Amino acid sequence: MTTLWAEWALLPTGWARHVAVEMAGGRVIRVTRDCDPVGERLGILLPAPANAHSHAFQRAMAGLTERRGPNPNDSFWTWRQLMFRFLDRLDPDQIEAIAAFVQMEMLEAGYACNVEFHYLHHAPGGVPYADLAETSARIAAAAETSGIGLTLLPVHYQFGGLDQRPLGPGQIRFGNDLDRFARLYDGTGKAIGRLGPDSRLGLAPHSLRAVRAEDLAPLRAMAGGAPFHMHLAEQIAEVEEVRAATGQRPVNWVLEHLLPGPDCCFIHCTQMTPEETEGLARSGAVAGLCPITESSLGDGIFEGLRWFGAGGAVAIGSDSNIRIALAEELRTLDYSQRLRDHSRAALATAELSTGRRLFQAACAGGAQAAGRASGAIAEGNWADLMALDAEHVDLAGRSGDTLLDAWIFAGDDRMVTDVWSAGRHLVREGRHIRREAIVAAYRKATASLMEAL
Ligand code: ZN
């Protein structure tokens, strides 16, 4: 058994002082407030959220897509072309090294779990590996190295568009028909069996563009209540494509045909009408928001005020992994609302500061999206925890919610000193315990990739 003791801790009932947290078997087994120092002493103890959406391999493209292409209206679609060229070269060793690096950065940023939306299944040219779930096994191996909690979502991706055109050359590494996907899903379940009991298997149809509408219900049944994620309503062009094919906007279509519920997490949702926003929020589904990537790709601004007003759940994901920064994701989300509405402290309430409301929402929604008993420091939950440096100059003299506000709006993830994932103490003094080896493997992988580009 391990015991942590914190000057301040954020508990489900609010802030508490002098809190002891006892952990065993990866779980929190007892929380005691107002007690004398015992065990490992910390400044500020918080629940560590799950990172609800990631495509690990895209981390190695960061910084490569900031030039203007021949298209005068450079957009998401030219970025996608470069991504397709890039992943035409990735091999399983590189996939594993990049994923371990991404997971290490997530842990150092304060995330305890990586929900990996994994669609890169086959060898270049689209030929399956001898083990159909080879690349899934590599993501699991990366999680063994990094120690992060993993919710792995193998992705079903079959078509190049809503007209069911075949996959283009950049997409054939993703593709399966439903039968082969079912085998891949089983293989992925076996691959994550090597990880701790906190690991989870979920399932993700890529998007309405890439999957047949009639396959969505069987896929959801295959998931059997486990996390079910899908990209939805990210780009105006996508909204138009769905409307042209079905007569409905994507969120309306999903509300009517998929009957979403708490097992569902829809990624982005940056293109919704007010009615769609309220309808989807009330369905109990999580909106998987990726504010830094959505800014990078110019996707649009999430209807945060309306969504929160309707009681909607949100989770935060680093998606393209151009930058893995938890505080910055939350700050970017709130700033997007302020810029659009000419407002301040957009998502604060009378009771909760902006930082507190955003952070708590990301913890609760992240746990729901990951299918993980976490998101709060509570008995029985996995011990997904992070500590902030109470000695940091920006936190001096702060208490309660302003600790979170100072971290999110004035500081950054360098304030994160320690992170535990299901009780595994993986970040100490701000650094991952296996940082050198993970960085060396990542450098080797990206050097050979850049040579080939
Ligand atoms: Zn994505």
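The values are calculated or read from the model by the stated rules, or taken from the named source; none is laboratory data. Small disclaimer: the values here were computed from a predicted structure and weren't measured. No Cβ is skipped: glycine too gets one built from the backbone with ideal geometry, and neighbour counts run over all protein chains shown.
Hey, does segment 65-87 have a residue that's crowded, with 22+ Cβ neighbours inside 10 Å, away from the ligand (no atom under 16 Å from the Cβ) and not aliphatic (A, V, I, L, M)?
Step one: filter segment 65-87 for residues crowded, with 22+ Cβ neighbours inside 10 Å, giving 87.
Within this subset, residues satisfying the condition of being away from the ligand (no atom under 16 Å from the Cβ) are none.
Scanning segment 65-87 turns up no residue that is crowded, with 22+ Cβ neighbours inside 10 Å, away from the ligand (no atom under 16 Å from the Cβ) and not aliphatic (A, V, I, L, M).
Could you go through segment 216-228 and let me know if any residue there is buried (at least 23 other Cβ atoms within 10 Å of the Cβ) and in the same structural domain as PHE308 (by TED's automatic domain parsing). Spell out the reasoning first.
First, the residues of segment 216-228 that are buried (at least 23 other Cβ atoms within 10 Å of the Cβ): 227-228.
Those left that are additionally in the same structural domain as PHE308 (by TED's automatic domain parsing): 227-228.
Within segment 216-228, one or more residues are buried (at least 23 other Cβ atoms within 10 Å of the Cβ) and in the same structural domain as PHE308 (by TED's automatic domain parsing).
Taking ALA281, is it in contact with a strand residue (DSSP E or B) (Cβ under 6 Å, 6 or more places away or on another chain) and of a type in the set (Gly, Ala, Ser)? Outline the logic, then answer.
Values: in contact with a strand residue (DSSP E or B) (Cβ under 6 Å, 6 or more places away or on another chain): no; of a type in the set (Gly, Ala, Ser): yes.
So ALA281 does not fit the description; no.
Given (1) more than 16 Å from the ligand (Cβ to nearest atom); (2) touching a residue at least 60 places away in the same chain (Cβ under 8 Å); (3) not acidic (Asp, Glu), identify the lone condition not met by HIS342.
Every listed condition holds for HIS342 apart from (2).
With within 22 Å of the chain's Cα centre (by Cα), modelled with pLDDT under 95 and not β-branched (Val, Ile, Thr) as the only criterion, which of ALA204, ALA233 stands out? Explain how you work it out, then say what you get.
Values: ALA204 fails: modelled with pLDDT under 95.
Within the list ALA204, ALA233, the selection yields ALA233.
Would you please list the contacts, defined by Cβ atoms under 9 Å and residues six or more apart or on different chains, that run from a residue in segment 53-65 that is free of Cβ contacts under 8 Å to residues at least 24 places away in the same chain to a residue that is of a type in the set (Val, Ile, Thr) and away from the ligand (no atom under 13 Å from the Cβ)?
Qualifying pairs under 9 Å: THR65/THR78.
Six or more apart or on different chains, Cβ atoms under 8 Å: show the pairs whose first residue is in segment 286-298 and among the acidic types (Asp, Glu) and whose second is near the ligand (Cβ under 10 Å from one of its atoms) and not in a helix (DSSP H, G or I).
Close Cβ pairs satisfying both conditions: GLU294/GLU234; GLU294/HIS268; GLU294/ASP319.
Go through (1) more than 16 Å from the ligand (Cβ to nearest atom); (2) surrounded by fewer than 19 Cβ atoms within 10 Å (Cβ to Cβ) one by one and return the number of the condition GLY170 breaks.
So the condition that GLY170 fails would be (1).
Given GLU351, GLU329, which one is within 13 Å of the chain's Cα centre (by Cα) and in the same structural domain as GLY288 (by TED's automatic domain parsing)?
Details: GLU351 fails: within 13 Å of the chain's Cα centre (by Cα).
Going through GLU351, GLU329 in turn, the sole match is GLU329.
If ARG209 meets every condition in (1) touching a residue at least 40 places away in the same chain (Cβ under 8 Å); (2) not in a loop (DSSP other than H, G, I, E, B) apart from one, which number is that one?
(2)
Got a number for residues in segment 1-24 being more than 27 Å from LEU358 (Cα to Cα) and loosely packed, with under 13 Cβ neighbours inside 10 Å? So that I can check it myself, show each step before the final result.
Filtering segment 1-24 for residues more than 27 Å from LEU358 (Cα to Cα) gives 1-3, 24.
With loosely packed, with under 13 Cβ neighbours inside 10 Å added as a condition, the list becomes 1.
Number satisfying all stated conditions: 1.
Could you list all residues from segment 189-206 that are in a loop (DSSP other than H, G, I, E, B), crowded, with 23+ Cβ neighbours inside 10 Å and within 16 Å of the ligand (Cβ to nearest atom)? Lay out the reasoning, then the answer.
Step one: of segment 189-206, the residues in a loop (DSSP other than H, G, I, E, B) are 195-199, 202, 206.
If we keep only those that are crowded, with 23+ Cβ neighbours inside 10 Å as well, we get 198, 202.
Scanning segment 189-206 gives a single hit, GLY202.
Return the residue satisfying two criteria in turn: it lies in segment 233-285 and is touching a residue at least 40 places away in the same chain (Cβ under 8 Å) and among the polar types (S, T, N, Q), and of such residues it is farthest from PHE117 (Cα to Cα).
Going through the qualifying residues, I end up with THR246.
Tell me, yes or no, whether segment 37-44 has at least one residue that is more than 23 Å from the chain's Cα centre (by Cα), crowded, with 17+ Cβ neighbours inside 10 Å, closer than 21 Å to ALA370 by Cβ and among the β-branched types (Val, Ile, Thr).
In the first step, residues of segment 37-44 are kept if they are more than 23 Å from the chain's Cα centre (by Cα); the result is 37-44.
Retained after the next criterion (residues that are crowded, with 17+ Cβ neighbours inside 10 Å): 42-44.
Filter once more, so that each one left must be closer than 21 Å to ALA370 by Cβ: none.
No, there is no match, as no residue in segment 37-44 is more than 23 Å from the chain's Cα centre (by Cα), crowded, with 17+ Cβ neighbours inside 10 Å, closer than 21 Å to ALA370 by Cβ and among the β-branched types (Val, Ile, Thr).
Among the residues of segment 357-411, what is the count of those that are surrounded by fewer than 24 Cβ atoms within 10 Å (Cβ to Cβ), in a loop (DSSP other than H, G, I, E, B) and not hydrophobic (A, V, I, L, M, F, W, C)?
Counting residues in segment 357-411 that are surrounded by fewer than 24 Cβ atoms within 10 Å (Cβ to Cβ), in a loop (DSSP other than H, G, I, E, B) and not hydrophobic (A, V, I, L, M, F, W, C) gives 12.
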